[in-house]
Amino acid sequence: MLPSSFWGVVFFVVLVAPGLVLDHLRHRHHARVGESPFRELARVVLTSLVCSGVAFVALAALDEVLPDSVVAGPRAAVGLDAEFARSNFWQLLVGLVLFVSISTGLAVGWYWRSRPADPPLIPKPAWEKVFRSDNPTEQAPVLRIRLQSGTIVLGTLAEYTKAYELDDRELVLAAPLWIGNDDESLQAVDVAWQRLVVAGTDIETILVQYPLA
């Protein structure tokens with residue numbers, strides 16, 4: 001059940017923030033695998049409950065030691081109403097920021113404590129990494145594409161879609177273009193044809209030749 005009031009939304013976001021932060025950081029080193037929404041939600045909620053619980057206890061202790069501080073502690077938030085929120089806005093804001101800082105700080109510390117030694121994964125489609133990130137020059141590479149039908153297409157990369165899903169990807173090759181059934185039978189396409197669009201689902205393999213630096 002989603003919160004309906006403004007403060008309900010604020011507290012909901014504050015409470016789930018640690019779990020979302022930790023889940024995001026973990027996926028920097030681990031590829032996302034298919035799992036049910038319930039399992040993913042349960043992991044986020046459990047992490048948020050632990051981190052938020054510790055932050056709540058820390059603020060409650062601060063509220064006991066310094067009852068008249070500039071921070072509105074958990075005792076003040078329990079009976080929160082519109083009049084109290086207006087007259088103690090800054091104290092509530094400071095308490096909220098401190099609560100979020102402690103809970104998300106615990107989540108980040110949890111991540112750094114348990115993070116693997118492997119370098120972070122870069123969430124990029126393979127095409128973007130090969131065509132741009134690994135390209136030693138700023139010039140477009142030459143692609144040799146074998147289609148599912150066995151046809152080979154050769155041309156200079158002009159453009160490509162950067163979608164993650166292969167079904168949504170397309171390649172655009174620029175002239176000069178060659179088409180054939182194998183390397184020996186490649187024939188140049190008439191220069192009147194300047195572009196060739198290839199659907200990602202039709203591609204079997206791609207060979208990439210980077211221009212000389």
Scanning the range 132-164 residue by residue, the ones that are in a helix (DSSP H, G or I) and farther than 16 Å from residue 210 by Cα total 0
Which of (1) farther than 23 Å from residue 20 by Cα; (2) of a type in the set (S, T, N, Q); (3) at pLDDT 80 or above; (4) assigned by the TED database to the domain that holds residue 14 does residue 87 not meet, given it meets every other one? (3)
Positions within the range 185-195 being among the aliphatic types (A, V, I, L, M) and exposed (fewer than 12 other Cβ atoms within 10 Å of the Cβ), in sequence order: 191, 192
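Let's see how each residue does on (1) modelled with pLDDT under 65; (2) in contact with a His (Cβ under 7 Å, 6 or more places away or on another chain); (3) within 20 Å of residue 97 (Cα to Cα):
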residue: 8; (1), (2), (3): yes, no, yes
residue: 17; (1), (2), (3): no, no, yes
residue: 30; (1), (2), (3): yes, no, no
residue: 39; (1), (2), (3): no, no, no
residue: 49; (1), (2), (3): no, no, yes
residue: 53; (1), (2), (3): no, no, yes
Does the range 121-129 contain at least one residue that is open to solvent by 50 Å² or more (accessible area, probe 1.4 Å), of a type in the set (A, V, I, L, M) and either outside any loop (DSSP other than H, G, I, E, B) or without any contact (Cβ under 8 Å) to a residue 40 or more places away in the chain (or both)? yes
Selection from the range 142-170 of residues modelled with pLDDT under 90, basic (Lys, Arg) and open to solvent by less than 90 Å² (accessible area, probe 1.4 Å) yields 169
For the range 196-213, what are the residues that are touching a strand residue (DSSP E or B) at 6+ places or on another chain (Cβ under 6 Å), open to solvent by 50 Å² or more (accessible area, probe 1.4 Å) and over 12 Å from residue 144 (Cβ atoms)? 197, 202
I want to confirm something. Restricting to the range 97-115 and keeping residues that are modelled with pLDDT under 80 and open to solvent by less than 40 Å² (accessible area, probe 1.4 Å), which single residue is farthest from residue 59 (Cα to Cα)? 111
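The values are calculated or read from the model by the stated rules, or taken from the named source; none is laboratory data. Note that this is a predicted model, so its numbers are computed, not measured. Note that we place each Cβ from the backbone using ideal geometry, even for glycine, and neighbour counts take in every protein chain shown. Just the protein is used for accessible areas: all its heavy atoms, side chains included, with ligands, DNA and RNA removed. Shrake-Rupley method; radii C 1.70, N 1.55, O 1.52, S 1.80 Å.
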